[in-house]
Each structure stands twice: as structure tokens, then as C-alpha cells.
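The values are calculated or read from the model by the stated rules, or taken from the named source; none is laboratory data. All values reported here derive from a predicted model rather than from experimental measurement. Methodologically, a virtual Cβ is constructed for each residue, glycine included, from the backbone with ideal geometry; neighbour enumeration extends over all protein chains shown.
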Amino acid sequence: MNITVDISQLKDLSNKLKKAGPKTVKIAQLELKATAQETLQIAKILAPVDRGGLVQSMAMEAVSKMEYKIGNNKDYAAYVEFGTGAKAYIPPEFAKLAAKFKGATGESWENGLEEIRQWAIRKGIGEEAAYPIFMSILKNGIYANPFLWPAFKFGRAELVDRITQVIKDFNLE
């Protein structure tokens, strides 16, 4: 699951930067990279931790000098981010991304039950509670515990502020 931080999505600011010289564009690229790195760090801070898999699997990739992807390759990341079933919450800007994860994961029922059993043991809950907990999750879903969405909102606002400052500093208004 990946989100993209991209100056071109900020059309007005992007157009102003296109009018600038190469030095200004280079500064904007540095601002974008810094924003992407901060966004990644915020997502890591916000990610829930049980065994640390979500945090350890968070990564940033430079698609181009003006575009970065931030994401998580854990198969369960989207279910944590958006929740499941009736308890799911999908921000409108993430609807296309979330649609890719709708439905079953392809994992076995036994594997899901075993994951809940192991979780119960780690939490000091009797492992006999694993089956009812698992059935409740399947029936009712789980609430969203977003970590990428809030980081993305921060990153987008931060990027607008930074690029706006570059435009002001170089009199591009």
C-alpha cells in the first residue's frame, strides 16, 4: 500500500515553479524530499505496534525528483489503516487505493485464527479467547487505525507551506 507525495498534484504551485529557473526547482526538489522523509517518520510514529512489522515495513521511494512514494508492504497494512467491514473508514482521497484491498486477503482461515491466538498470548489473554475474538472480527470488522492518512495530510500541508515559501523567497508570485 503506497501513497504518493508529488508537487505536480499541487497544480498552482507547480505552474509557478515551472516559470522559475533551475536553481529554484532544485530547492523545491529538496523541500519535497524533506517533506517526504518527515511524512515517512510521522507514519512510523503513528503506526500501531504489536510486533513492529508495520513500522519496519514502512519505506519511501523516489519515483522522480518531484515525486516520492511512501508505503508499507505488509499484507495487513491496509486493513489496519482503513479498518474492515462495517467499521471501516476510507477517506475519499484514498478510495481508489482502498478498493484494491476490499475482500478476503487470500490467507487461510486457520492462519487468521493462529494470528489471533498468538496475539492473545502476547497480550496475556487466554488462548481460548482466540476463536470468539476471531469470529467477532470476521462478523463485525475492526475499526480503522490510520497511520498513513494522517501522515499524508500533514505532508501535503507541509509541502504547500514549503513550496509557497520557496515561491515567495524567489519572487515567483
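Of note:
- Search result, residues across the stretch 57-66 that are surrounded by 14 or more Cβ atoms within 10 Å (Cβ to Cβ) and over 12 Å from the mean Cα position of the chain (by Cα): 65, 66
- Residue check, residue 57 of a type in the set (Ser, Thr, Tyr), free of Cβ contacts under 8 Å to residues at least 24 places away in the same chain and under 22 Å from residue 116 (Cα atoms): yes
- Of all the criteria given as (1) in contact with a helix residue (DSSP H, G or I) (Cβ under 6 Å, 6 or more places away or on another chain); (2) β-branched (Val, Ile, Thr); (3) more than 18 Å from residue 50 (Cβ to Cβ); (4) outside any strand (DSSP E or B), the one not satisfied by residue 160 is (1).
- Residue 12 vs. criteria surrounded by 18 or more Cβ atoms within 10 Å (Cβ to Cβ) and at pLDDT below 90: no
- Candidates 34, 43: the one that is within 30 Å of residue 169 (Cα to Cα), of a type outside the set (Lys, Arg) and within 12 Å of the chain's Cα centre (by Cα) is 43.
- Test: residue 54 is surrounded by 19 or more Cβ atoms within 10 Å (Cβ to Cβ), at negative phi and either among the small types (Gly, Ala, Ser) or in contact with a helix residue (DSSP H, G or I) (Cβ under 9 Å, 6 or more places away or on another chain) (or both): yes
- Complete set of residues in the stretch 134-157 that are in a helix (DSSP H, G or I), within 23 Å of the chain's Cα centre (by Cα) and surrounded by 13 or more Cβ atoms within 10 Å (Cβ to Cβ): 137, 148, 149, 150, 151, 152, 153, 154, 155, 156
- Close pairs from the stretch 125-137: first without any contact (Cβ under 8 Å) to a residue 12 or more places away in the chain, partner among the basic types (Lys, Arg) and not in a loop (DSSP other than H, G, I, E, B), Cβ under 8 Å, at least 6 apart: 127/117
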